[in-house]
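Trainee: Structure in structure tokens, see below.
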Amino acid sequence: MNAILRLFAWFLAAAVTFATLGPAKLRPHSDFGQNGEHAFAFVLVGIAFGMAYRRNRPLTAAVTIVLIGVLEILQLWVPGRHARLEDFVVDALAASAGLLLATGIEWIRARRSSPGTT
């Protein structure tokens, strides 16, 4: 199961990377607006990586935030794209929220499966 979670997490990361660095016309659009789209995508990435790499979530969080920064910087060299501090902050906070949600999900699962809990 863990291998499937990791594969899914990396698939999401690849999809977000394509949406971030690929042609703007191929990027999915929604009614959430730019910040809402970013937040939704990176919350999902945070949850996926938080569930896939449970053993060391602080390291997972640090690597995730660094890679979000790298994605934002790489946009400097992509025609028609731009790096913005606001996007980095939204993406990093959303991914962190996803990682926290994954921690909460895991905590609830552990509490429900441990004997003697009500």
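Trainee: For a quick check of your reading of the model, give me the residue pairs whose first member lies in the range 15-30 and is farther than 16 Å from V45 by Cβ, whose second is part of a loop (DSSP other than H, G, I, E, B), with beta-carbon atoms closer than 6 Å and at least 6 apart or on different chains.
Mentor: So the pair list comes out as A24/G80.
Residue-wise test of (1) of a type in the set (S, T, N, Q); (2) within 14 Å of A9 (Cβ to Cβ).
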site: L21; (1), (2): no, no
site: N35; (1), (2): yes, no
site: A39; (1), (2): no, no
site: V43; (1), (2): no, yes
site: F49; (1), (2): no, yes
site: Y53; (1), (2): no, yes
site: L59; (1), (2): no, no
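Trainee: Looking only at the range 1-55, filter to residues that are among the aromatic types (F, W, Y), more than 21 Å from I73 (Cα to Cα) and surrounded by 13 or more Cβ atoms within 10 Å (Cβ to Cβ); which one of those is modelled with the lowest pLDDT?
Mentor: Selected residue: Y53.
Trainee: List the pairs whose first member sits in the range 1-12 and is in contact (Cβ under 8 Å) with a residue 40 or more places away in the chain and hydroxyl-bearing (S, T, Y), whose second member is assigned to a helix (DSSP H, G or I) and surrounded by 15 or more Cβ atoms within 10 Å (Cβ to Cβ), and whose Cβ atoms are under 6 Å apart, counting only residues at least 6 apart or on separate chains?
Mentor: none
Trainee: Okay, moving on. Got a number for residues in the range 82-118 being among the charged types (D, E, K, R) and either within 20 Å of F40 (Cα to Cα) or in contact with a strand residue (DSSP E or B) (Cβ under 7 Å, 6 or more places away or on another chain) (or both)?
Mentor: Looking only at the range 82-118, we keep the residues that are among the charged types (D, E, K, R), and these are 84, 86-87, 91, 106, 109, 111-112.
From what's left, either within 20 Å of F40 (Cα to Cα) or in contact with a strand residue (DSSP E or B) (Cβ under 7 Å, 6 or more places away or on another chain) (or both): 84, 86-87, 91.
Matching residues across the range 82-118 total 4.
Trainee: List every residue pair whose Cβ atoms lie under 6 Å apart, where the two residues are 6 or more positions apart in sequence or sit on different chains, the first residue falls within the range 60-76 and is of a type in the set (A, V, I, L, M), and the second residue, located anywhere, is buried (at least 18 other Cβ atoms within 10 Å of the Cβ).
Mentor: Between residues of the range 60-76 that are of a type in the set (A, V, I, L, M) and residues that are buried (at least 18 other Cβ atoms within 10 Å of the Cβ), the close pairs are A61/L99; I65/A92; I68/D91; I68/A92; L71/T20.
Trainee: Restricting to the range 83-118, and then to whatever is in contact with an Asp or Glu (Cβ under 7 Å, 6 or more places away or on another chain) and not charged (D, E, K, R), can you tell me which residue is surrounded by the fewest Cβ atoms within 10 Å (Cβ to Cβ)?
Mentor: Ranking the candidates gives A83 first.
The values are calculated or read from the model by the stated rules, or taken from the named source; none is laboratory data. If you're wondering where the values come from, they're calculated on a predicted model, not measured in any experiment. For neighbour counting, all protein chains shown are included, and Cβ atoms are generated from backbone atoms with ideal geometry for every residue, glycine included.
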